[in-house]
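One structure is given here, and the rest of the page talks about it.
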Amino acid sequence: MARGLRGVGLFLMLWAGCAYGQTMQVDVDTVVPQTYEFVKRGDLSLLMDVYTPTIARPDSACVIFMFGGGFFSGARDNESSRQYCQTLAKRGYTAVAIDYRLHLRDVQGDTIRLTNMQRIFRDAINIGAEDCAAAVAYVCRNADAWGVSKRRVVLCGSSAGAISVMQMEYCRCNSYWPAKELPAGWKPAAVVAYSGAIYCDHERPHYQTAPAPTFILHGNKDRIVNYKKFPPVLRSGLYGAKKLHKLFEKQGYSHWFFVFDGIGHEVASLMSYTIQEFDAFVDATLGGRTMHYDATVRDNDVRATQWTTMNVFDLYKGGK
């Protein structure tokens, strides 16, 4: 019998915290975050946890992180989010884990069909992007007090969070409404997306202005956030890593593209595991380099699990 979103959401949170425990060092909480309300949406307060490093990077870089969970589960302060932000703070970044509205939290998985999925996803993604923009605005307002450079803010996300940060940057470049709360003239220093995509409504992806340097990490067997496009035959829908890489290459946009061969949605949990690659990308980008880096990754410690065999319908129905 199919389960509702809440059941599979709990499973997702547990899995995200331990899937690669055999290959990652688990950080003990050593930085105590400060919590702030960054925006109020109706009666809902959206919060952020700010992890201030003991020894900050000389460039005062900040990372805003959005957790994953299919737009129905996850939390800014769950185990995987805390661990990743601790890892970033230990490396000198001011790490900011944020809430965003989970539009699908009250949607029953059995009601999601191909006929209504695009509308549901479009709304969820634009809401996530809008909340990302509000978080950026709050960080910029407090940048001086927190010792953060407004010009060196990196957006990072996992799965639904990766979609949200990529969508926000897509909206910024095209002057679409979800980015309206951004400070005038602001641009992220970089975007890092673990199993991300962008949503296009009745159009193919296009950027009116060049996006920030982007690091895309994705499994080429991912059918939850599809590696190519979903649905495949319509112009509207989610455009995944392969489609975006092709566009970025054609337009000459600065980006790194890491495709994990034979792996699916497991890549969404590899933030701490790939911290050295993250550092290398951020260091090179903040150093002013324009790069086009295309890599196929085969890592013996990253193995296919049930997340390679699952598709998006399995996710929202709780699996078989």
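The values are calculated or read from the model by the stated rules, or taken from the named source; none is laboratory data. Treat the numbers as computed from the prediction; the structure is a model and nothing was measured. So basically every Cβ, Gly included, is an ideal-geometry build from the backbone, and we count neighbours across all protein chains shown.
Okay, here's what the table says:
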item: Which numbered condition residue 38 fails, given (1) at pLDDT below 85; (2) under 21 Å from the mean Cα position of the chain (by Cα); (3) surrounded by 13 or more Cβ atoms within 10 Å (Cβ to Cβ); result: (1)
item: Residue list for the range 52-80, filter: touching a Gly at 6+ places or on another chain (Cβ under 8 Å), crowded, with 21+ Cβ neighbours inside 10 Å and closer than 30 Å to residue 311 by Cα; result: 65, 66, 67, 68, 69, 70, 71, 72, 73, 74, 80
item: Residue in the range 4-35 that is modelled with the highest pLDDT, counting only those that are touching a helix residue (DSSP H, G or I) at 6+ places or on another chain (Cβ under 8 Å) and under 26 Å from residue 152 (Cα atoms); result: 33
item: Residue within the range 230-241 that is touching a residue at least 24 places away in the same chain (Cβ under 8 Å) and assigned to a helix (DSSP H, G or I) present; result: yes
item: Filter result (under 20 Å from residue 228 (Cβ atoms), more than 16 Å from the chain's Cα centre (by Cα) and part of a loop (DSSP other than H, G, I, E, B)) within the range 174-211; result: 201, 202, 203, 204, 205, 206, 207
item: Tally of residues being outside any strand (DSSP E or B), touching a helix residue (DSSP H, G or I) at 6+ places or on another chain (Cβ under 8 Å) and either at pLDDT below 95 or crowded, with 18+ Cβ neighbours inside 10 Å (or both) across the range 256-296; result: 10
item: Which listed residue, of 126, 116, is modelled with pLDDT of 95 or more, assigned to a helix (DSSP H, G or I) and not β-branched (Val, Ile, Thr); result: 126
item: Any pair with Cβ under 9 angstrom, 6 or more apart, that starts in the range 91-104 at a residue that is part of a strand (DSSP E or B) and ends at one that is polar (S, T, N, Q); result: 94/52; 94/60; 95/52; 95/86; 95/87; 97/81
